[in-house]
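A quick write-up on the structure given underneath.
The values are calculated or read from the model by the stated rules, or taken from the named source; none is laboratory data. Just so we're clear, the structure is a prediction, and the values are computed from it rather than from any experiment. Quick reminder, even Gly has a Cβ in these numbers, built from the backbone with ideal geometry, and neighbours come from all protein chains shown. We work out accessible area using only protein heavy atoms, side chains counted, and drop any ligands, DNA or RNA first. Shrake-Rupley method; radii C 1.70, N 1.55, O 1.52, S 1.80 Å.
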Amino acid sequence: MNYETRMRAKADALIQKGHALVLGVESSCDETAVAVVEDGRLERSCAIASQIDTHALYGGVVPEIASRMHVEAIDPLLDQALDQAGVSLSDIDAVAVTCGPGLVGALLTGVSWAKSLAYARDLPLIGVNHIEGHVSANYVAHPDLTPPFVCLVASGGHSHIVLVQRYGEYRLLGQTTDDAAGEAFDKVARVLGIPYPGGPLLDKLAEEGDERAYHFPRPVTQGKYDFSFSGLKTAVINQAHRLEMMGTPIVAKDWAASFRRSVVDLLADKAVSAATDSGATRLAAAGGVAANSLLRRELVRKGEAAGLKVFLPPKRLCTDNAVMIASAGFYRLMAGNLASLDLNALPAISMLE
């Protein structure tokens, strides 16, 4: 009996029980992470090795360095995650790994390692979309949250509004037509001289500023729930250059606050409109930008004013982690969606595929 046939039988038994302890692996960018999650909802452990200090030397993520650091970190993180969870590898029922989107070399590190572990331990392997993982962080944070609901997914590389119809089934309501929100935050932060990672530091600076000090545009898109951040980012950068040439100093905290307000208005207004127009009663958020302080406040304020119940994961589960991957992996396992040993890194995969 070959590996795939054995794993199908194991998965069928787990589905029958409705219970599984899943080991999650995340290595899509500059965090290496391993976690153990029970039944898609209960976080048993969360081990993360961040590379921020290393990449800060270069002003951004260097893919080759990221890949090499994943290789160095992943084995010790496995031991740490198992110790935190109080389990051994013999207790693990399945291995879930991010297969995309992300940096291809970084993804390959995690995928290759997870395939080797699954094969050596005779465990079912599940490939997880990184963005689906972000959505699934809400299942760990809010055990009472079940589909259907609308979710705003905003990160350094992605800005989507999706209707979560069922576990693992999504309908796209809106998306960015160019840059992602997190990318815009990082590039404007660089203009202000804020070091990498710019987005979180810009958010912190903006908390001290006057968001009415500067006026920035709110780009209009053809799609009602779509976003456009490229023009906004360019307008902000060009205005900064003009003021510099005129010898007019920029008040960094006010600039940060004004820019943050323009981005948050776009994200929150369109997410709430998409949720109410689709008939949803629940709105969630996910991704690194969902850790933004103003966005969290505005989603709650505007969402509740529109009659929505709003769900936000804690900030630590907004950024890249393996808890979200293990959670998403559990629901894919319960649906019988296993990966074979030819699973590859898919750097441009859509969560709708």
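Laid out as a table, the results:
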read-out: Residue that is surrounded by fewer than 23 Cβ atoms within 10 Å (Cβ to Cβ) and among the hydrophobic types (A, V, I, L, M, F, W, C), where the choices are Leu125, Leu152, Leu108; value: Leu108
read-out: Residue that is modelled with the lowest pLDDT, among those in the stretch 212-221 that are closer than 14 Å to Trp255 by Cβ and open to solvent by less than 60 Å² (accessible area, probe 1.4 Å); value: Phe216
read-out: Unmet requirement for Ala106, which otherwise passes all of (1) within 17 Å of the chain's Cα centre (by Cα); (2) outside any helix (DSSP H, G or I); value: (2)
read-out: Total residues in the stretch 69-104, condition within 24 Å of Gly198 (Cβ to Cβ) and touching a Gly at 6+ places or on another chain (Cβ under 9 Å); value: 4
read-out: Tally of residues being polar (S, T, N, Q) and surrounded by fewer than 23 Cβ atoms within 10 Å (Cβ to Cβ) across the stretch 155-165; value: 1
read-out: Those helices (runs of 4 or more DSSP H) lying entirely in the stretch 112-215 with at least 1 residues more than 18 Å from Ala274 (Cα to Cα) and in contact with a strand residue (DSSP E or B) (Cβ under 9 Å, 6 or more places away or on another chain); value: 130-141, 181-191
read-out: Matching entry among Ala13, Ala49 (being within 26 Å of Pro147 (Cβ to Cβ) and aliphatic (A, V, I, L, M)); value: Ala13
read-out: Residue list for the stretch 322-345, restricted to those being open to solvent by 10 Å² or more (accessible area, probe 1.4 Å), assigned to a helix (DSSP H, G or I) and either hydroxyl-bearing (Ser, Thr, Tyr) or closer than 18 Å to Ser116 by Cβ (or both); value: Tyr331
read-out: In the stretch 166-211, the residues that are aliphatic (A, V, I, L, M) and surrounded by fewer than 18 Cβ atoms within 10 Å (Cβ to Cβ); value: Leu172, Leu201
read-out: Criterion: touching a helix residue (DSSP H, G or I) at 6+ places or on another chain (Cβ under 7 Å) and either acidic (Asp, Glu) or at pLDDT below 95 (or both) - qualifying residue of Ala291, Ala257, Ala268, Ala240; value: Ala240
read-out: Count - residues of the stretch 133-149 that are surrounded by 24 or more Cβ atoms within 10 Å (Cβ to Cβ) and either among the acidic types (Asp, Glu) or in contact with a His (Cβ under 9 Å, 6 or more places away or on another chain) (or both); value: 1
read-out: Residues that are within 27 Å of the chain's Cα centre (by Cα) and not in a loop (DSSP other than H, G, I, E, B), drawn from the stretch 85-102; value: Ala85, Leu89, Ala94, Val95, Ala96, Val97, Thr98, Cys99, Gly100
read-out: Selection within the stretch 109-142 - among the acidic types (Asp, Glu) and farther than 12 Å from Ala326 by Cα; value: Asp122
read-out: Residue in the stretch 52-65 that is surrounded by the most Cβ atoms within 10 Å (Cβ to Cβ), counting only those that are among the aliphatic types (A, V, I, L, M) and not in a helix (DSSP H, G or I); value: Val61
read-out: Tally of residues being part of a helix (DSSP H, G or I) and either buried (at least 23 other Cβ atoms within 10 Å of the Cβ) or in contact (Cβ under 8 Å) with a residue 60 or more places away in the chain (or both) across the stretch 276-291; value: 4
read-out: Matching residues in the stretch 223-275 - criterion: being open to solvent by 10 Å² or more (accessible area, probe 1.4 Å) and not in a helix (DSSP H, G or I); value: Gly223, Lys224, Tyr225, Asp226, Ser228, Met246, Gly247, Thr248, Pro249, Ile250, Val251
read-out: Among the candidates Ala49, Ala11, residue that is in a strand (DSSP E or B), surrounded by 17 or more Cβ atoms within 10 Å (Cβ to Cβ) and at pLDDT 95 or above; value: Ala49
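The rows are residues; the columns are (1) acidic (Asp, Glu); (2) in contact (Cβ under 8 Å) with a residue 60 or more places away in the chain; (3) more than 11 Å from Val25 (Cβ to Cβ).
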| residue | (1), (2), (3) |
| --- | --- |
| Ser90 | no, no, yes |
| Asp93 | yes, yes, yes |
| Leu103 | no, yes, yes |
| Leu107 | no, yes, no |
| Ala120 | no, no, yes |
| Val128 | no, yes, no |
